[in-house]
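The values are calculated or read from the model by the stated rules, or taken from the named source; none is laboratory data. Just so it is clear, the structure is predicted and the values come from calculations on it, not from any experiment. Methodologically, a virtual Cβ is constructed for each residue, glycine included, from the backbone with ideal geometry; neighbour enumeration extends over all protein chains shown.
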Amino acid sequence: MTAVGFLYPGHSAEDDYERIEQLLASDVRLSVVHTDIGEDAHRVDALIEMGAADRLAAGVEELRLAGAEAVVWACTSGSFVYGWDGAQKQVRDLARAAGMPASSTSFAFAHAIQYLGVKKVAIAATYPEDVAAYFAAFLKGAGVEVTATRGSGIITAAEVGTWGRDEVIELALSGDHPSAEVLLLPDTALHTAAYVQELEQVLGKPVLTANQVSVWEGLRLADRKVPGERLGKLFARTDRT
């Protein structure tokens, strides 16, 4: 049994983790602990407060008791707003507090892009344009070429959590770019686990979504290889490089 822990802000699309666990159909346990979201706002000051070290540290004991071998801060915007160096400090602090390997969804995207061997990506975000631009800047710090960035202007995670299949597909289609090798959907508040395979079929390219890459990253930290065809190209490969 491999157990991975996720610190998830508030309540929006956390049921994606249960769905992913079912789709993997393996001896993997994905434990979710909810952190204090503070103000639910896709606004830089609120996101910085959301990702504060004390808020994350408050959830690690519960994950330790659940037997987690690694922990992921399952929030993209609450990590990339710190910038590349600040986000690295955030996960270092989390690793020290948890006493186990740690990462965040932002780094999960960077590592997944590298793993797929691609350079050019498009971003289809639920966030306002200014927040989406922070994610593009973060990825550029990882050597990724962002060919297009689309923001949707949604302020709260609560609203994003109400989106279903039609809205997700529309977002992906409107945010894709012909030169992008991969499309990114960066919000962990967005339900995507059920749609990854369909999105890749519609777009004809790999699609990386926030909760999907968060689970992949947690398993990577735990040095576990678990295939999952219904979770897209990222999980179709079982090698780890």
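I want to confirm something. Restricting to the stretch 51-61 and keeping residues that are touching a Ser or Thr at 6+ places or on another chain (Cβ under 8 Å) and of a type outside the set (A, V, I, L, M, F, W, C), which single residue is surrounded by the fewest Cβ atoms within 10 Å (Cβ to Cβ)?
If we filter the stretch 51-61 for residues that are touching a Ser or Thr at 6+ places or on another chain (Cβ under 8 Å), which is where we start, we get 51, 55-56, 58-59.
Among the residues that remain, those that are also of a type outside the set (A, V, I, L, M, F, W, C) are: 51, 55, 59.
Values: Gly51: 26, Arg55: 18, Gly59: 23.
Only one residue tops the list, namely Arg55.
Would you mind finding the one in Asp130, Asp166 that is modelled with pLDDT of 95 or more, within 27 Å of Ala53 (Cα to Cα), charged (D, E, K, R) and assigned to a helix (DSSP H, G or I)?
Just a single option satisfies the conditions, and that option is Asp130.
Which one is surrounded by the fewest Cβ atoms within 10 Å (Cβ to Cβ) among residues in the stretch 29-43 that are at pLDDT below 95 and hydrophobic (A, V, I, L, M, F, W, C)?
Ala41
Please verify whether the stretch 172-187 includes one or more residues that are assigned to a helix (DSSP H, G or I) and either within 24 Å of Tyr82 (Cβ to Cβ) or in contact with a Phe, Trp or Tyr (Cβ under 8 Å, 6 or more places away or on another chain) (or both).
Scanning the stretch 172-187, I find at least one residue that is assigned to a helix (DSSP H, G or I) and either within 24 Å of Tyr82 (Cβ to Cβ) or in contact with a Phe, Trp or Tyr (Cβ under 8 Å, 6 or more places away or on another chain) (or both), so the answer is yes.
What about Ala148, is it outside any helix (DSSP H, G or I), within 24 Å of Gly78 (Cα to Cα) and either out of contact with any Pro (no Cβ under 7 Å at 6 or more places or on another chain) or of a type outside the set (A, V, I, L, M) (or both)?
Numbers: outside any helix (DSSP H, G or I): yes; within 24 Å of Gly78 (Cα to Cα): yes; either out of contact with any Pro (no Cβ under 7 Å at 6 or more places or on another chain) or of a type outside the set (A, V, I, L, M) (or both): yes.
Here the answer is yes, as Ala148 does meet what is asked.
Can you name the helices (runs of 4 or more DSSP H) wholly within the stretch 1-69 that have at least 3 residues being of a type outside the set (A, V, I, L, M)?
Of the helices (runs of 4 or more DSSP H) lying wholly inside the stretch 1-69, those with at least 3 residues that are of a type outside the set (A, V, I, L, M) span 15-24, 60-65.
With (1) over 18 Å from Tyr8 (Cα atoms); (2) touching a residue at least 60 places away in the same chain (Cβ under 8 Å); (3) over 13 Å from the mean Cα position of the chain (by Cα); (4) surrounded by fewer than 21 Cβ atoms within 10 Å (Cβ to Cβ) as the list, and Ser179 as the residue in question, which single condition is left unmet?
All conditions are met except number (2).
Just to be sure I understand, how many residues within the stretch 25-59 are among the acidic types (Asp, Glu) and in contact (Cβ under 8 Å) with a residue 40 or more places away in the chain?
1
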